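Just so it is clear, none of the values below were taken in a lab; they were calculated from the coordinates. Treat the numbers as computed from the prediction; the structure is a model and nothing was measured. Cβ coordinates were reconstructed from backbone atoms using ideal geometry, including for glycine residues, and neighbour counts include every protein chain displayed.
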């Protein structure tokens with residue numbers, strides 16, 4: 001028969017046994033049934049009308065498809081700065097985890113990008129830049145270098161073909177965008193080595209083939225002798241070629257230069273293969289790289305480099321077939 005002391009001790013002993021068992025029992029780890037974190041990424045595109053930007057969106061979507069935890073949403077600003085600002089503000093209200101943006105123009109998009117960054121949301125600026133330093137990273141190719149290469153090619157071609165003077169017409173991209181400024185400035189640096197090269201006409205065609213067609217027709221009409229057409233992207237260069245051919249000009253006697261070199265049926269590499277363009281330069285979209293860095297930033301908490309500069313490549317008739325195959329021409 002238990003004594004009063006035993007009756008008093010028993011409950012405490014039971015509590016001690018339960019406590020010790022709880023302390024020594026293995027803690028339960030992940031069961032594998034937890035819902036993985038999903039990341040919402042907003043992609044603010046400047047303009048879906050350009051083939052190169054369509055390729056960028058496709059590459060972003062394809063890269064994101066490899067990560068089921070990513071939900072990505074695209075917007076199209078249609079070359080309208082106010083619309084792109086509104087698109088980014090809408091992303092903010094919706095609660096995105098990361099913003100990828102290819103700005104229409106640098107200055108008008110600077111403040112809204114800074115607002116996103118200051119809220120602690122990572123911002124990957126793709127291709128075109130904004131002013132200042134209020135963003136996480138920038139991914140793109142060196143537009144000034146590409147422009148300089150195009151200028152050096154022009155200077156050499158004019159010298160080899162004994163064009164003196166050597167008359168250039170230039171079809172520029174959207175003037176407020178950093179690639180247009182840098183491709184134009186770089187080209188002028190490149191042609192500086194040949195005093196015979198002169199730019200006789202320069203117009204902003206806003207990256208669009210339709211505008212380039214109209215403007216190049218006007219420039220050809222105003223300038224009977226044109227030796228070189230330098231366009232800031234391939235669609236504008238191809239449009240100028242078509243106009244020159246339509247006017248009955250000797251297109252073999254004119255140097256046509258573009259930039260982008262997409263491996264698509266209507267892209268720059270194929271245009272070189274078809275002898276519509278004499279030279280173009282690979283301008284990677286950076287879409288796949290943006291998604292890879294987004295994952296590293298969001299899931300691995302990695303601090304990215306301030307800039308990731310993508311490589312370019314000169315495409316001429318001598319290597320167009322090889323480059324076409326290299327980039328999976330279709």
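Obtain the radius of gyration and the Kirkwood radius of the range 167-269 from its C-alpha atoms and give Rg over Rh.
My calculation of the ratio gives 0.94.
Taking 8 Å as the Cα distance limit and 6 or more residues as the minimum spacing, I'd like the relative contact order of the range 188-330 as a percentage.
RCO, the range 188-330: 19 percent.
What's the ranking of 136-144, 79-87 by average number of surrounding C-beta atoms within 10 Å, highest first?
Those peptides, ordered most packed to least, come out 136-144, 79-87.
If the chain were replaced by its equivalent ellipsoid, with semi-axes equal to the square roots of 5 times the Cα gyration tensor eigenvalues, what would those be, largest first, whole Å?
Each semi-axis is √(5λ); the values are 59, 19, 16 Å.
Taking the alpha-carbon set of the range 95-254, what are its Rg and Dmax in Å?
18.4, 60
State the Kirkwood hydrodynamic radius of the range 202-330 in Å, one decimal place, computed from all pairs of distinct Cα atoms.
16.1 Å
Could you give the alpha-carbon Rg of the range 276-330 over 2.2 N^0.38 Å, rounded to two decimals?
1.54
Can you give the relative contact order of the chain as a percent, counting alpha carbon pairs under 8 Å and 6+ residues apart?
15 percent
If you scale each eigenvalue of the Cα gyration tensor by 5 and take the root, what three semi-axes come out for the range 130-225, rounded to whole angstrom and sorted largest first?
27, 19, 9
By how many nm would the segment from residue 196 to residue 38 grow when fully extended, if each residue of separation counts as 0.36 nm and the alpha-carbon distance is taken off?
51.0 nm
As an exercise, use a Förster radius of 35 Å and the Cβ-Cβ distance of residue 319 and residue 218 to find the FRET efficiency, rounded to the nearest 0.05.
0.55
Out of all DSSP beta bridges with both ends in the chain, state the antiparallel percent to the nearest 5.
10 percent
In square nanometres, what is one fourth of the surface area of the convex hull spanned by the alpha carbons of the range 52-155?
7.8 nm²
Working from Cα positions, state the angle (0 to 90°, nearest 10) between the long axis of helix 143-160 and the longest principal axis of the chain.
So the inclination is approximately 20 degrees.
Would you please state which residues of the range 61-104 a label at residue 330 would reach in this model, taking the label point 7 Å out along Cα→Cβ and a backbone N cut-off of under 14 Å?
61-63
How far apart, in nm, are the 7 Å Cα→Cβ label points at residue 249 and residue 80?
According to this spin-label approximation, the distance is 3.5 nm.
Given contacts defined as C-alpha pairs under 8 Å and at least six residues apart, what's the relative contact order of the range 101-232, whole-number percent?
26 percent
Using 7 Å Cα-to-Cβ label points, what is the residue 162/residue 299 separation (nm, one decimal)?
Computed distance between label sites residue 162 and residue 299 equals 6.3 nm.
Mean 1/r over all different Cα pairs, inverted: what Kirkwood radius does the range 119-183 give, in Å?
14.3 Å
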